[in-house]
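For reference, the structure is listed below as structure tokens.
The values are calculated or read from the model by the stated rules, or taken from the named source; none is laboratory data. These figures come from a predicted structure and were not determined experimentally. In this analysis, Cβ positions are derived from the backbone assuming ideal geometry, glycine residues included, and neighbour counts consider all displayed protein chains.
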Amino acid sequence: MPAFLRDFTSFRLGGLVAAFRDTASPAEAADAIRSWRARAVPFRILGSGTNILASDAGLPGEAVLRFAGGDAFPLAREGDLWTFSAAAALDEVARFAVENAFAGMSALSGIPGTLGGAAAGNAGAYGVSLGDLVAGAEIVESDGTLHKVGADAFAYEYRKSAFQDGTRLLASVTLRLVPSAAGKGERARREEILSERAGKHPILPFARTAGSFFRNLPPETPGGRRRAAGALLDAVGAKSMRAGGAAVFPKHANILIADRGDATAADVATLAEKLRQAVKEKFSVSLVPEVRYWGDFAASSYSTTAR
Ligand SMILES: Cc1cc2nc3c(=O)[nH]c(=O)nc-3n(C[C@H](O)[C@H](O)[C@H](O)COP(=O)(O)OP(=O)(O)OC[C@H]3O[C@@H](n4cnc5c(N)ncnc54)[C@H](O)[C@@H]3O)c2cc1C
């Protein structure tokens, strides 16, 4: 069945994709992938669509498999290794870990999207990236076969992994969860983070956004902290810039929003390009989007249908 990507992305933008399948079952996903592959239909994996800017023209001739809406109850446990469906919400998995006083996951509280999306993109916050906890996964290869991989298969880097091109499905993800020295203090940390995020981030589904648009910059000295892209964007007056129906979130210069009903994906891409140019002119630094562009964006430096 065709579907509009705007119905499945947090920007609520994006045109028609020729074929769309929505499931949280690895077997059904593998079936869909095999059948697309047999007909040479290119396909992509979608989670909750909270890190994607999908083109107004959609993805003609392509297929999308949405893998979301799964339960956060653990599928299996072996010692410190806990396996969850990749279709579970990351925040629900974080809640599980916090309730059981495990270390690390409280920092990821409130990040929207699925565990699979977070594992593919190495999502993170407050100094923790999900990849720090990933011990392995069960994947559906692009030919529809299922098998297990270890953490090394992810080749993790900052907000990056070998699974990010969206052609191999993470069906389940195994996390190494160890008791936290803070014990029940993880719960207080989670509450603190949730309220801090509610104060400075736009809230889904009221805002149309994909969170931070550009990656933070590498540290200037080895082992140093990453430089916030938001600071450079603030310095070029990003918060007063817009393009058509797209604007910058007033509380955070690195968050782009579709703030008018007539906003298009092209508006967001145009605004991103304006911001990138302004930072390049002032600081000679090229910002790189963290958000994934899907489809054709004629006006953007990321105007590519490649993934
Ligand atoms: C308000 C807001 C705040 C945010 N805050 C943060 C933050 O603090 N830190 C952060 O890192 N991000 C943040 N994000 C971005 C986003 O939430 C994360 O990147 C999230 O992990 C994306 O998950 P998703 O399921 O929505 O993935 P999608 O957006 O659906 O997909 C993202 C990428 O992952 C791939 N993918 C998705 N699921 C799978 C799967 N099962 N198997 C293989 N590949 C898959 C897709 O192909 C695509 O390339 C924020 C977004 C919003 C809207």
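Remarks
- If you go through the stretch 195-213 and keep only what is touching a residue at least 60 places away in the same chain (Cβ under 8 Å) and away from the ligand (no atom under 12 Å from the Cβ), you end up with nothing.
Per-residue answers, yes or no, for (1) in contact with a strand residue (DSSP E or B) (Cβ under 9 Å, 6 or more places away or on another chain); (2) in a helix (DSSP H, G or I); (3) under 18 Å from residue 141 (Cα atoms):
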residue: 1; (1), (2), (3): yes, no, no
residue: 28; (1), (2), (3): yes, yes, yes
residue: 40; (1), (2), (3): no, no, yes
residue: 49; (1), (2), (3): yes, no, no
residue: 53; (1), (2), (3): yes, no, no
residue: 57; (1), (2), (3): yes, no, no
residue: 84; (1), (2), (3): yes, no, no
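- Top-ranked residue of the stretch 104-120 - restricted to ones that are buried (at least 22 other Cβ atoms within 10 Å of the Cβ) and not hydrophobic (A, V, I, L, M, F, W, C), ranked as farthest from the ligand (Cβ to nearest atom): 106
- Residue ID - nearest to the ligand (Cβ to nearest atom), chosen from residues in the stretch 245-265 that are among the small types (Gly, Ala, Ser) and farther than 26 Å from residue 283 by Cβ: 258
- Filter result for residue 166 (under 15 Å from the mean Cα position of the chain (by Cα), at pLDDT below 95 and within 13 Å of the ligand (Cβ to nearest atom)): yes
- Top-ranked residue of the stretch 178-207 - restricted to ones that are under 22 Å from residue 133 (Cβ atoms), in a helix (DSSP H, G or I) and not acidic (Asp, Glu), ranked as farthest from the chain's Cα centre (by Cα): 185
- Counted residues, the stretch 267-300 - those being assigned to a helix (DSSP H, G or I), small (Gly, Ala, Ser) and crowded, with 22+ Cβ neighbours inside 10 Å: 2
- Scan of the stretch 273-287 for residues that are of a type in the set (S, T, N, Q) and over 15 Å from residue 253 (Cα atoms), ordered by number: 284, 286
- Filtered residues of the stretch 126-144 (kept if assigned to a strand (DSSP E or B) and either outside the structural domain of residue 175 (by TED's automatic domain parsing) or surrounded by 17 or more Cβ atoms within 10 Å (Cβ to Cβ) (or both)): 129, 134, 136, 137, 138, 139, 140
- Note on the stretch 46-94: residues that are crowded, with 24+ Cβ neighbours inside 10 Å, of a type in the set (Val, Ile, Thr) and within 11 Å of the ligand (Cβ to nearest atom) total 2.
- In the stretch 239-252, the residues that are at positive phi form Cβ pairs under 6 Å with partners that are at pLDDT 95 or above, at six or more places apart or across chains, as follows: 244/267.
- Yes/no for residue 111 being at pLDDT 95 or above, among the β-branched types (Val, Ile, Thr), in contact with a Leu (Cβ under 7 Å, 6 or more places away or on another chain) and over 23 Å from residue 27 (Cα atoms): yes
- Residue under evaluation residue 75, criteria (1) among the aliphatic types (A, V, I, L, M); (2) touching a residue at least 24 places away in the same chain (Cβ under 8 Å); (3) touching a helix residue (DSSP H, G or I) at 6+ places or on another chain (Cβ under 6 Å), criterion not met: (3)
- Residue match in the stretch 177-188 (condition: within 13 Å of the ligand (Cβ to nearest atom), surrounded by 19 or more Cβ atoms within 10 Å (Cβ to Cβ) and modelled with pLDDT of 95 or more): no
- Every pair of residues 6+ apart whose Cβ atoms lie under 6 Å, when the first sits in the stretch 96-112 and is closer than 18 Å to residue 132 by Cβ and outside the structural domain of residue 123 (by TED's automatic domain parsing) while the second is more than 9 Å from the ligand (Cβ to nearest atom) and at pLDDT 95 or above: none
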